[in-house]
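Quick notes on the structure that follows.
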Amino acid sequence: MRVLGTFGSGRGLRASCIVLPFALLTACAGRPTGVLLPIVDAAHVAGTSRVDMLVATTRKSATDRGVLFSGERGEAVTYTDLAVSIPPDAIRQPGSVQWPKSVPGNPATDFVALRADPVDRAKVAAWTGRAVRGSAKRHVLVFVHGFNNKFEDAVFRFAQIVHDSGAEVAPVLFTWPSRGSVLAYGYDRESTNFSRNGLETLLRDLAKDPNVGEVTVLAHSMGNWLTLESLRQMAIRDRRVAPKIRNVILAAPDVDMDLARAAFHDMGKDRPRLTLMVSGDDQALAVSRLVWGDSVRLGAIDPMAEPYKSELARENVAVLNLSSVKSNDALNHGKFASGDVVALLGKRLADGQPISDGQIGIGDRLVSTAAGAASTVATGAALAVAAPVALIDPQTRETYGEHLSNVGSGLRDTVGSTVDLAGAPVRAVTGGR
């Protein structure tokens, strides 16, 4: 990894440091687009499994039927009845998503879509009625994804979590307008604020739905900010969080510790049972802390250290410390979606037990270094940090080249100021080498 060391040189970012990641970028094929175009015959492939989910989104509709929704912001919450086929368990590892290498995907080896039909908000109750039929608890699981997720990322990841958990739940995905780019951290963060009313409305509708017995919310990374803000709003408007919302799982929350304290307080004593999933080796949250001016991130605290230990006990927040859990994710930010973790989640949800006392994790990609990258200087700094990550992270490689070309000649004049910013994230990724 010799090239990584050049980002810490006193002379700043040289052109040669950009060329190699960019060359790797062009050499590595990205995922195909249009993977959500339904394949009618996929349901008949032997050994495959199926996950039916309701998707609520504040994203803008895409013109491509295989993309469905873009990373831009829509004018209202849109609902979709979506089904995903998962390849036979014999050929896949729990916790993994098998992406199609081309379109259409092969249901015998890939995750593929079976159906994607629009649903009116007034007919959501009919969907939940079908989804919970025969279920004693009539349990709905709402998933709120994190930073850097395209629509298809969120859909396939949630399908994987539901399938591998084996939980008897009606799956509801809330997906907000993320551009799916490691360099769009600022845009993504503002999109969570844009989506607060939408998530609050969805949760309130589910709580009022007579078909629904209870609701669990699973949020990851930046999606935790959206979740906490939406629940906080609900508590302020309605004087409490709806009682059917019984569990909220905060997986690797990219949330300032002080803001989390305020949200816990504003939700009141009648709030849902909160479970915090943390990991001390989460490098993505280490970078996020740097971006936010050394602001402690809730998902990266040591729950056994003070003042956090006493605070969590006082707030009755259960903790799952995943620091010792092994991860295939180089940044250790995706542990929550691993096979063992989601299997434990499924069992605890089925048994009605508190989701604690275990080794559990969290999942997404890099929590960006591009917060507020509204100028050439800021974008240059973001690129300097993202370049080494592009060597190891396919999703970063997919978007890095586009941002590099957009910066153009302005980058050459400003990258000299990025050395100090780049050093810590590079060390986080390389382990100090």
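Report the local net charge at Ser61: Lys and Arg +1, Asp and Glu -1, summed over other residues whose C-beta lies under 12 Å from its C-beta. Here the count lands on +1. When Arg138, Arg237, Arg115 are compared by accessible area of protein heavy atoms, the largest-first order is Arg237, Arg138, Arg115, using a 1.4 Å probe. Once you have a ≥ b ≥ c as the square roots of the Cα gyration tensor eigenvalues for segment 23-127, tell me rounded if a/c is under 1.5, and otherwise prolate or oblate according to whether a/b is larger than b/c. Note, shape of segment 23-127 comes out oblate.
Using the 1.4 Å probe convention, the accessible area of segment 164-224 works out to 24 Å² per residue with neighbouring protein chains retained.
What net charge is computed for the residues neighbouring Glu72, neighbours being all others with C-beta under 11 Å from the C-beta of Glu72, Lys and Arg scored +1, Asp and Glu -1? So the environment of Glu72 carries a net charge of +3.
On a 24 Å Cα-Cα criterion, which of the cross-link pairs Lys269/Lys309; Lys123/Lys208; Lys244/Lys309; Lys101/Lys123 come out too long?
Details: Lys269/Lys309 19 Å; Lys123/Lys208 14 Å; Lys244/Lys309 28 Å; Lys101/Lys123 35 Å.
Cα-Cα > 24 Å for Lys244/Lys309; Lys101/Lys123; rest within.
Shape of segment 209-264 from the C-alpha gyration tensor: oblate (a/c of 1.5 or more and a/b not above b/c, with a ≥ b ≥ c the square roots of its eigenvalues).
Phi angles across segment 136-141 convert, under the Karplus curve 6.51 cos²θ - 1.76 cosθ + 1.60 with θ = phi - 60°, into 3J(HN,Hα) values of 5, 8, 6, 8, 10, 10 Hz, Gly and Pro given as x. Given a 1.4 Å probe and the protein chains as shown, Asp41 ends up with an accessible area of around 110 Å².
The values are calculated or read from the model by the stated rules, or taken from the named source; none is laboratory data. As the structure is a prediction and not an experimental result, all values here were calculated from the model. Backbone-built Cβ (ideal geometry, glycine too); neighbour counts: all protein chains shown. The protein model used for the area step is the full one, side chains on, heavy atoms only, and it has no ligands, DNA or RNA in it. Shrake-Rupley method; radii C 1.70, N 1.55, O 1.52, S 1.80 Å.
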